[in-house]
Ligand code: ADP
Ligand code: ZN
């Protein structure tokens, strides 16, 4: 049943704008940002000129398809300030995304951009039920990574009491949760699982703690992970999505209605395109998420290819919001592994592993190549109780996983059950794939 009661916070009321009104606002903002990008960023001037396109050619929202795409490589090639559209004196903050190879990607913000970012992160937390009464600990890294600062600003905007703990230092985090009466945590889902383990070792029962909300993002997580976290701690989990190129955490957030997230469309305009052809797909189709920043002035991004695979639906959600709804992001078009010709996403293996009793959600997929043949090894941790069990118990567990993998992807993977704690933990994004094949 639809929930018609709108929240009292004026920020949240923006989530309930009628679609015609929202679309009028989006178009007005789109026209302005396109003109701004064309006139002030040499990168866009060149890209528009190459297509013979002028800002005036954008006469309705649907005309967005006329705009050129931007890609991660554009940011890399124009490192560090090449996409900027304001003088350096107006830039008040820089962040950078990890960039595992080569130079990172640098993103610039004006004061106004930071306000927009805080607003959308705040709307995400309000949607999850955070109020001024909450005490929120930030467990994302405070660094060039946008996670820490982004969540921090959003929580402050809500008016919650914010504890800027940052990533890592898990034992101290457990202590803070207990001593300071923390009600809300923001961190990566895999770090929270690690926190649960550390708490257990310290003899802390998180179910009895004040913790009641967790906002998890920066990496994909499955329903199975959600269940483990909720059952293990009694908290309510919420999804939060973002990327540094567009803004940072809080581009989209989860509601109580259904799995997935609402995109704050008055600031970030979404499209779904075919990842191969780049052709825009109609609502309801799965494809690659493309985002346009509607009012980010320092570094506007037009039609940015996120590589995240999802689906959008525009029907009013059961929570009453009119904002577009996006399916949970479980995979990226570029994290697909091809093993012996079979396409495989780490999240598929995760979901399958977590259906097995005695398995903990710490795993890695190691791919090697012997001659022309690919080999997949799934290394996964088991619970301490199980690890100490008889060899025959572990052997039957190994067989069970092996059969499940075989029936899912049709290949015989080597299953290695490893000692609890032996797979590296990270306070940031967890790397699940080790591809040792020569590229
Ligand atoms: P980098 O990883 O390059 O440092 P970001 O931190 O900006 O840069 O990463 C953004 C990416 O993280 C997104 O494009 C998406 O793939 C992933 N991501 C962020 N939040 C979520 C989420 N809630 N669910 C799934 N994936 C997410
Ligand atoms: Zn909803």
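Okay, here's what the table says:
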{"item": "Condition check for residue 231: outside any helix (DSSP H, G or I), without any contact (Cβ under 8 Å) to a residue 60 or more places away in the chain, away from ligand 1 (no atom under 12 Å from the Cβ) and surrounded by fewer than 16 Cβ atoms within 10 Å (Cβ to Cβ)", "result": "no"}
{"item": "Residues within the stretch 301-322 that are more than 16 Å from ligand 1 (Cβ to nearest atom), in a loop (DSSP other than H, G, I, E, B) and in contact with a strand residue (DSSP E or B) (Cβ under 7 Å, 6 or more places away or on another chain), tallied", "result": "3"}
{"item": "Answer from 412, 343 - the residue that is more than 16 Å from ligand 2 (Cβ to nearest atom), touching a helix residue (DSSP H, G or I) at 6+ places or on another chain (Cβ under 7 Å) and free of Cβ contacts under 8 Å to residues at least 24 places away in the same chain", "result": "412"}
{"item": "Filter result for residue 47 (within 19 Å of residue 278 (Cβ to Cβ), part of a helix (DSSP H, G or I) and out of contact with any helix residue (DSSP H, G or I) (no Cβ under 9 Å at 6 or more places or on another chain))", "result": "no"}
{"item": "Residues within the stretch 193-227 that are more than 17 Å from residue 347 (Cα to Cα), more than 16 Å from ligand 2 (Cβ to nearest atom) and in contact (Cβ under 8 Å) with a residue 40 or more places away in the chain, tallied", "result": "5"}
{"item": "Filter pass, residue 264 being under 12 Å from the mean Cα position of the chain (by Cα), modelled with pLDDT of 95 or more and farther than 15 Å from residue 362 by Cβ", "result": "no"}
{"item": "Condition check for residue 127: within 22 Å of the chain's Cα centre (by Cα), within 27 Å of residue 104 (Cβ to Cβ) and within 16 Å of ligand 1 (Cβ to nearest atom)", "result": "no"}
{"item": "Long-range neighbours under 9 Å by Cβ, at least six apart or interchain, first residue on the phi > 0 side of the Ramachandran plot and in a loop (DSSP other than H, G, I, E, B) within the stretch 122-139, second surrounded by fewer than 24 Cβ atoms within 10 Å (Cβ to Cβ) and at pLDDT below 95", "result": "129/256"}
{"item": "In the stretch 140-159, residue nearest to ligand 2 (Cβ to nearest atom) [restricted to those that are in contact with a strand residue (DSSP E or B) (Cβ under 7 Å, 6 or more places away or on another chain) and without any contact (Cβ under 8 Å) to a residue 60 or more places away in the chain]", "result": "155"}
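Per-residue answers, yes or no, for (1) in a strand (DSSP E or B); (2) within 15 Å of ligand 1 (Cβ to nearest atom); (3) surrounded by fewer than 23 Cβ atoms within 10 Å (Cβ to Cβ):
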residue	(1), (2), (3)
191	no, yes, no
195	no, no, no
198	no, no, yes
203	no, no, yes
207	no, no, yes
249	yes, yes, no
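The values are calculated or read from the model by the stated rules, or taken from the named source; none is laboratory data. None of the values given here were measured: they were computed from a predicted structure. Counting neighbours? That spans all protein chains shown, and the Cβs are built from the backbone with ideal geometry, glycine included.
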